[in-house]
Amino acid sequence: MAAYLITLPNQARNEVDQLRSCLNRGQEHLAAAGWDCRLQEWETPDRVVFRFSCLKRGTKAEETVCRELGKGIAHFILSCREPAVIRSLIRRGYQAHQPGEIAQIEAYASRIASEKNGQSSRLRMQRKEKIARHLERFLHTSSMLSVDGFITFRLKSYLRALHKLVNHAIDEYLLDQEYKEFIQLLRYFVSMQKPKVPLVHVMHEGDRCFQLLQSDGKPLTVQEADSTIDELLEQAFSHEDLIVSTLLTVAPEQVIMHTRHEEANVVRTLKQVFEGRIQICHGCARCREGAHSRSDA
């Protein structure tokens, strides 16, 4: 009979409950496949012990149980232990940051680690698969597994991957802070300027395609930006900053943004910089005319 003892400190009851849930799901999967398994539980003064056993003997039974246990415990590590590990890495490695900054960095790291799409999701799946394989190999040679000890001493490559994730979160946090400071500076500059034109229409056709129109529909002609604006935009964040520069130069009293892509970075930036002066249009006659002319092109 294949039997494995899996232990965890008993101080964190939520973690114990989640590990129990993962092991129960593993037992159910094996039962559905025709394997008769048992899960028992007891406590020592400082740990909870789970005994996972399969009543069948033989190499195939051991391989099947080790594979299922590897998957279940890997899921537990990523879903339950990973946030705590990330938090510990941040707090140990970035003690110089203020508590508020650390909390924000943790939020960035948590978002990156739990993303459902894109590269972060693929990296998360890779972490889970590697941990499952590592656990499976370990259980082939040992019938006793301390989950917290396994993470600390056996998952060095996993911890390195989390270090990279934390560094990525810090980079994103710092870039966002720079962006917010940049927006605040531009917003202050707008508030200090006297409007030079009453209205500007910004026709946003997607990607990097823009057209600036005067209130009468004629293309907007702009003199060169003054030195102050040049200095403000020295650290341009994107190609679309040219639009911001132009609008700062003409200092409109009101901006109407015609777009079907309100989630685009440039729209988000203009809404923040020209807060109180900008209106988003999703489908007026001018928008329809622009869409018609594009379809005829």
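Details
- Checked against (1) at pLDDT 95 or above; (2) not in a helix (DSSP H, G or I), GLY34 meets all criteria but (1).
- Residue list for the stretch 1-40, restricted to those being polar (S, T, N, Q) and in contact with a strand residue (DSSP E or B) (Cβ under 7 Å, 6 or more places away or on another chain): THR7, ASN10, ASN24, GLN27, GLN40
Conditions tested, residue by residue: (1) in the same structural domain as HIS258 (by TED's automatic domain parsing); (2) crowded, with 16+ Cβ neighbours inside 10 Å; (3) within 30 Å of LYS60 (Cβ to Cβ).
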{"position": "LYS116", "(1), (2), (3)": "no, no, no"}
{"position": "ARG124", "(1), (2), (3)": "no, yes, no"}
{"position": "ILE151", "(1), (2), (3)": "no, yes, yes"}
{"position": "SER157", "(1), (2), (3)": "no, no, yes"}
{"position": "HIS163", "(1), (2), (3)": "no, no, no"}
{"position": "ASN167", "(1), (2), (3)": "no, no, no"}
{"position": "GLU178", "(1), (2), (3)": "no, no, no"}
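- Filtered by the rule that a residue be surrounded by fewer than 18 Cβ atoms within 10 Å (Cβ to Cβ) and assigned to a helix (DSSP H, G or I), the stretch 38-61 gives THR59, LYS60.
- Identification of strands (runs of 3 or more DSSP E) wholly contained in the stretch 165-274 with 3 or more residues that are modelled with pLDDT of 90 or more yields 197-204, 252-258.
- Of all the residues in the stretch 47-98, those that are closer than 18 Å to PHE138 by Cα and of a type in the set (Val, Ile, Thr) number 6.
- Residue in the stretch 184-202 that is touching a Gly at 6+ places or on another chain (Cβ under 9 Å), exposed (fewer than 15 other Cβ atoms within 10 Å of the Cβ), in contact (Cβ under 8 Å) with a residue 12 or more places away in the chain and not small (Gly, Ala, Ser) present: no
The values are calculated or read from the model by the stated rules, or taken from the named source; none is laboratory data. For clarity, every value in this text was computed on a predicted model and none was experimentally measured. Cβ atoms come from the backbone with ideal geometry, glycine included; neighbour counts cover every protein chain shown.
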